Amino acid sequence: MKPVPALLTALAALTAYYVYSPLPSTLSEPWKLMLLDATFRCAQDLVRIGVGVGLDECMLQILKISAKTLKIALYHGFFYKPYAEKVVCVKETTDLGRFHTSVAPCNFAHYVGLGHHLRVLNFVSSYFDKLDPTSSAHLTVTDTVFDGVEVRIFEPKKELHGSLQRSIIYVHGGGWALGSARMRSYDNLCRKISEDVNAVVVSIEYRLVPNVHFPEQINDVYAASKYFLQPAVLAQYSVDPHRIALSGDSAGGNLAAAVCQQLTQDENVTTKVKLQALIYPVLQILDFNTPSYQQNMDMPILSRYVMIKFWLDYLNGSHTFAQAMLVNNHTSLDVHEAVALRQLLNWNSLLPLSFKKNYMPLIQTIGNPRIVQDVPALFDTRASPLIAHKETLQKLPKTYILTCEHDVLRDDGTMYAKRLEEAGVDVTHDHYEDGFHGCMLFASWPTYFSAGARTRDGYIKWLSENL
């Protein structure tokens, strides 16, 4: 029986090797993140192997066994990693509602004309995780349309004795391509905000890549926000026009920041937002070698390469540019449009020493001019709110920015906070040393992280005290 212990030892060693990822000890509960990450990768690898050897029926059993895991993974974006390009695609058959697996790589579906891989991924995540508007003892939840844009509204049932309510316009994240106001995590988050702040929350269901590209996501958020800010609509929901915030996380933070800048400059909008609150926002596409991009280039949830692909999908650019953008070839010294903007992104002057560490800027002398030609939105301030001029920033309201140490976007939010402060805006910058990108959505079982609960509670506390 000597071969058995040897086999078990080898299997244990292989499992440990598979599970282990070199994560910083300062990360919130790193082993839990490793286990989750390994679980998601295992599900994908089993699918990949099964498809390769034609075990389609076995894939059905895998799907049943790992349905909950897939549900969490698909929603939270764990499949968006360099080594994770395939997911299980599911559809429901008419016979007794049983699952039928079309266990196929999403990118393959795209290549053969069956649809863009992001559309397939969104279909699967929607199948598992979208919720109907369900009211509770404390909230009335409804779906409606604001100027052609779908929204979900959360209204507290607390008696106000004639007084008006506060309100938060919320924009979900997901790389401009994933996520939904109707998904469980955002539905739960908005319920929590509405109940704890006692405020009307308007969660915007903007259109996504690949159905639309920049600037349509911004246009949707702007249209819905502008509609809600009309005096008659605010009165319909008993909202105080002087106590409204605009908020979002990740790509939603990008859209919230861009729309907030637009609203302050729109003379036709008489109701101005009192606050903006940005949660680990993505704010610029010009430099993928800031210290946080270098430090966290392979971090779970959102790697540098994945962020670049999100950007290219959003701006309708080719993924063939990704490698060039990794080394900042799109903003080299021979790109005239980038020269004037470089000072606005000078992280040597905008970041604290503790963030800069020993990292060095990467500035190319000669780049790839075709990127700028094919992706003209690279230098549009609506795409990169961080490069807005000081005159625009000076008009912005009191601001809350949350950043996480283990996040490629840490420096985007930090530089924006600094630029806003220099423009005279009142800024609160909350930085979480053990946080990672997307952690606020990991604040409940079965994907509970202490950093998730603390970031969520700190954000809600700031809204309660300042709105």
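The values are calculated or read from the model by the stated rules, or taken from the named source; none is laboratory data. All of these numbers come straight from a predicted model, not from anything done at the bench. As a convention, Cβ positions derive from the backbone with ideal geometry for all residues, glycine included, and neighbour counts pool all protein chains shown. Areas reflect the complete protein model, heavy atoms only, side chains present, ligands, DNA and RNA absent. Shrake-Rupley method; radii C 1.70, N 1.55, O 1.52, S 1.80 Å.
Brief remarks on what is shown
- The stretch 187-225 - residue that is within 26 Å of Asp313 (Cβ to Cβ) and charged (D, E, K, R) and, of those, surrounded by the fewest Cβ atoms within 10 Å (Cβ to Cβ): Arg207
- Residues satisfying the stated conditions in the stretch 407-436, i.e. in contact (Cβ under 8 Å) with a residue 60 or more places away in the chain, open to solvent by less than 10 Å² (accessible area, probe 1.4 Å) and not β-branched (Val, Ile, Thr): Asp407, Leu409, Arg410, Asp411, Asp412, Gly413, Met415, Tyr416, Gly435, Phe436
- Selection within the stretch 226-239: residues that are open to solvent by 20 Å² or more (accessible area, probe 1.4 Å) and in contact (Cβ under 8 Å) with a residue 60 or more places away in the chain. The member of this set that is farthest from Phe310 (Cα to Cα) is Ser238.
- Top-ranked residue in the stretch 166-185 [being open to solvent by less than 10 Å² (accessible area, probe 1.4 Å) and among the aliphatic types (A, V, I, L, M); ranked as nearest to Ile308 (Cα to Cα)]: Ala177
- Taking the numbered list (1) surrounded by fewer than 18 Cβ atoms within 10 Å (Cβ to Cβ); (2) among the aliphatic types (A, V, I, L, M); (3) in a loop (DSSP other than H, G, I, E, B); (4) modelled with pLDDT of 95 or more in turn, Val145 passes all entries but (3).
- Residue under evaluation Met299, criteria (1) in contact with a helix residue (DSSP H, G or I) (Cβ under 9 Å, 6 or more places away or on another chain); (2) open to solvent by 10 Å² or more (accessible area, probe 1.4 Å); (3) assigned to a loop (DSSP other than H, G, I, E, B), criterion not met: (1)
- Residue in the stretch 390-399 that is of a type in the set (S, T, N, Q), under 25 Å from the mean Cα position of the chain (by Cα), buried (at least 22 other Cβ atoms within 10 Å of the Cβ) and assigned to a helix (DSSP H, G or I) present: no
- Test set (1) assigned to a loop (DSSP other than H, G, I, E, B); (2) modelled with pLDDT of 95 or more - Glu433 fails condition number: (1)
- Within the stretch 241-257, one or more residues are in contact with a Lys or Arg (Cβ under 8 Å, 6 or more places away or on another chain), surrounded by 24 or more Cβ atoms within 10 Å (Cβ to Cβ) and under 25 Å from Leu441 (Cβ atoms).
- The set of residues in the stretch 14-38 being at pLDDT below 75 and either more than 14 Å from Phe436 (Cβ to Cβ) or exposed (fewer than 12 other Cβ atoms within 10 Å of the Cβ) (or both) consists of Leu14, Thr15, Ala16, Tyr17, Tyr18, Val19, Tyr20, Leu35, Ala38.
- Tallying residues that are surrounded by fewer than 22 Cβ atoms within 10 Å (Cβ to Cβ), assigned to a helix (DSSP H, G or I) and out of contact with any Phe, Trp or Tyr (no Cβ under 7 Å at 6 or more places or on another chain) within the stretch 264-294 yields 2.
- Single condition Val425 does not satisfy, out of (1) within 27 Å of Ser194 (Cα to Cα); (2) β-branched (Val, Ile, Thr); (3) assigned to a helix (DSSP H, G or I): (3)
- Single condition Leu362 does not satisfy, out of (1) crowded, with 18+ Cβ neighbours inside 10 Å; (2) in a loop (DSSP other than H, G, I, E, B): (1)
- Among the residues of the stretch 336-359, those that are part of a helix (DSSP H, G or I), open to solvent by 60 Å² or more (accessible area, probe 1.4 Å) and of a type outside the set (Ser, Thr, Tyr) comprise His336, Glu337, Val339, Arg342, Gln343, Asn348, Leu353.
- Index of the failed condition, Val112 passing every other in (1) open to solvent by 30 Å² or more (accessible area, probe 1.4 Å); (2) more than 18 Å from Val239 (Cβ to Cβ); (3) modelled with pLDDT of 95 or more: (3)
- Any hit, the stretch 368-386, residues being out of contact with any Phe, Trp or Tyr (no Cβ under 7 Å at 6 or more places or on another chain), over 20 Å from Met307 (Cα atoms) and among the hydrophobic types (A, V, I, L, M, F, W, C): no
- Flag for Leu333 being touching a helix residue (DSSP H, G or I) at 6+ places or on another chain (Cβ under 8 Å), part of a helix (DSSP H, G or I) and either more than 30 Å from Val201 (Cβ to Cβ) or touching a residue at least 24 places away in the same chain (Cβ under 8 Å) (or both): no
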